[in-house]
Amino acid sequence: LGMPSVPTKLADRRVSRKIQVGSVAVGGDAPVSVQSMTTTRTSDVGATLQQIAELTASGCQIVRVACPTQDDADALATIARKSQIPVIADIHFQPKYVFAAIDAGCAAVRVNPGNIKQFDDKVKEIAKAASATGTPIRIGVNAGSLDARLLKKYGKATPEALVESALWEASLFEEHGFGDIKISVKHNDPVVMVNAYRQLAARSDYPLHLGVTEAGPAFQGTIKSAVAFGALLSEGIGDTIRVSLSAPPVEEVKVGLQILEALNLKQRRLEIVSCPSCGRAQVDVYKLADQVAAGLDGLEVPLRVAVMGCVVNGPGEAREADLGVASGNGKGQIFVKGEVIKTVPESKIVETLIEEAMKIAAGMEEE
Ligand code: SF4
């Protein structure tokens, strides 16, 4: 008898047009990508490249840099050339920086429709320059900077207002034959945000950049983003994601990757299956799980390690994992691929798990 089949994803992907952000495809059948934004002054090229290197190492696939001044615009060429991942210039008020970013070789440019009126006579020129270099544009609608006309029409940043704003600006580019566009419609309320993206998804085939804007400090922002992205991605909506946290950008990337891994939209790497502990626990499960997670941090192979507090669910979970421990009576039964390979005293559980994990990982890397 074969194993019962398990659904590996929640929904088919929405059909969207594919655009190319430097080396990373967004939309169509391209995997959902994770992006973040630097917090350095973009004009400080060294610090910005250093942060981009850290983001790249943490798994970030696309990075955005703010461009509020001429000094920042002047720095874009070096940053775009030296960054290992595609760089998107984030531009709010100044059309001249859009041209500078395109000339600098940025992989894409984000513009804000709240300010598009000032761009009116410039839209054609932007479309022309962006077409000539194959530079896509992200239309980044944000509740906080919604166009005044729409704010008046809808009273506040409703999903309808966000979507109307985005489609209107897209149409300004489309009028000039430019459709190399992705869109975001961000709001700090996940419910409004989810509704906005659903409507946008139904009304267009633009690839969508998901974001809950100003999501808050790390814990709250993580939950808001996970809930909102989870709702949309489980319906097949979303082509690239950015988690916004009031925390270092590497944290945003970690959260983004975990969301995709949880939804099976990205291959899971290290996964610790640990129990919440309860009155039956015979070891300190929290400490054990933390120590194992810390000891295996950075392991890139898809390894499932079970850390279980007692023998009730312990052996079962430990058997399902690549590796695991079921604890009891001051000892730990160590399982590898479902077989108990040894029983060690509690004090040796962590080092034994790490040792065995490294052996399995080395074998996986060879395959
Ligand atoms: Fe409690 Fe044991 Fe389940 Fe952990 S594995 S939650 S200790 S019953």
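The values are calculated or read from the model by the stated rules, or taken from the named source; none is laboratory data. All values reported here derive from a predicted model rather than from experimental measurement. Cβ sites come from the backbone with ideal geometry, for glycine too, and all protein chains shown count toward neighbours. Accessible surface is based on the protein model in full, side chains and every heavy atom, while ligands, DNA and RNA are left aside. Shrake-Rupley method; radii C 1.70, N 1.55, O 1.52, S 1.80 Å.
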Mean-square fluctuation maximum in Gaussian network of the chain, Cα pairs under 10 Å, restricted to ILE334, ILE62, ILE139, hits ILE334
Restricting to aspartates and glutamates and to Cα separations under 15 Å from LYS331, and discarding same-chain partners fewer than 8 apart, the set is ASP284, GLU346, GLU351
Highest-MSF residue in the chain out of CYS106, CYS60, CYS275 [GNM, Cα springs under 10 Å]: CYS275
Rolling a 1.4 angstrom probe over the protein chains, ignoring ligands and nucleic acids, what is the accessible area of TYR286 in square angstrom, nearest 10? 150
Hey, any idea what % of the chain's accessible area is carbon plus sulfur with a 1.4 Å probe? 52
Sequence neighbours fewer than 8 away in the same chain don't count; with that in mind, list the lysines whose C-alpha is under 16 Å from LYS96. LYS117, LYS122, LYS124, LYS128
Report the accessible area of LYS82, computed with a 1.4 Å probe over the heavy atoms of all protein chains in place, in Å² rounded to the nearest 10. 120
Starting at the first residue of the range 189-204, write each ³J(HN,Hα) from the Karplus equation 6.51 cos²θ - 1.76 cosθ + 1.60 with θ = phi - 60°, in whole Hz, x for Gly and Pro. 9, x, 5, 5, 4, 4, 5, 4, 5, 4, 5, 5, 4, 6, 9, 7
Any GluC sites (Glu not before Pro) in the range 263-352 that lie in a DSSP loop and have at most 16 other Cβ atoms within 10 Å would be GLU300
Taking Lys and Arg as +1 and Asp and Glu as -1, residues besides SER246 with C-beta under 13 Å from its C-beta add up to -2
Show me, for the range 10-27, the HN-Hα J-couplings you get by feeding each phi into the Karplus relation (A = 6.51, B = -1.76, C = 1.60, θ = phi - 60°), rounded to Hz, glycine and proline as x. 8, 7, 5, 6, 4, 7, 10, 6, 9, 10, 10, 9, x, 7, 10, 7, 10, x
With +1 on the Cβ of every Lys and Arg and -1 on the Cβ of every Asp and Glu, the dipole magnitude of the range 173-326 about its Cα centre, in debye rounded to the nearest 20, is 340
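Using a simple charge model, +1 on the beta-carbon of Lys and Arg, -1 on the beta-carbon of Asp and Glu, nothing else, what dipole does the range 86-230 show about its Cα centre, in debye to the nearest 20?
Working: 16 positive and 15 negative charges, 54 e Å.
With Lys and Arg at +1 and Asp and Glu at -1, about 260 debye.
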Can you pull the accessible area of LYS266 for me, 1.4 Å probe, Å² to the nearest 10? 70
Extension length gain for ASP121 and GLN267 (0.36 nm per residue less Cα distance), in nm, is 48.0 nm
With a 1.4 Å probe and all protein chains left in place, how much accessible area per residue does the chain have, in Å²? 45
How high is the relative contact order of the chain? Use alpha-carbon pairs under 8 Å, at least six apart in sequence, and give a whole percent. 13
In whole Hz and in residue order, list the ³J(HN,Hα) couplings for the range 43-56 that follow from phi through the Karplus curve 6.51 cos²θ - 1.76 cosθ + 1.60, θ = phi - 60°; x for Gly and Pro. 5, 8, 4, x, 5, 5, 5, 4, 5, 4, 4, 5, 5, 4
With Cα atoms, 0 to 90° folded angle of helix 159-174 axis to the chain main axis: 60
To the nearest 500 deg cm²/dmol, what mean residue ellipticity at 222 nm is calculated for the chain from DSSP H runs of n ≥ 4 alone, each contributing -39,500 (n - 2.57), summed and divided by the residues? -13000 deg cm²/dmol
Using 0.36 nm per residue of separation minus the Cα-Cα distance, give me the extension gain between GLU366 and GLU175 in nm, one decimal. 63.5 nm
Let me spell out the model: positive unit charges on the Cβ of Lys and Arg, negative unit charges on the Cβ of Asp and Glu, origin at the Cα centre of the range 275-367. What dipole size does that give, in debye rounded to 20? 520
Two-site FRET efficiency, GLN84 against ARG319, from Cβ-Cβ distance with R₀ of 41 Å, rounded to 0.05: 0.50
On a 0 to 90 degree scale, rounded to 10, what angle separates helix 70-82 from the longest Cα axis of the chain? 50
Excluding VAL344 itself, calculate the net charge of residues whose Cβ lies under 14 Å from the Cβ of VAL344, where each Lys or Arg counts +1 and each Asp or Glu counts -1. -1
Longest principal axis of the chain (C-alpha) makes with the long axis of helix 349-366 (C-alpha) an angle, in degrees to the nearest 10, of 60
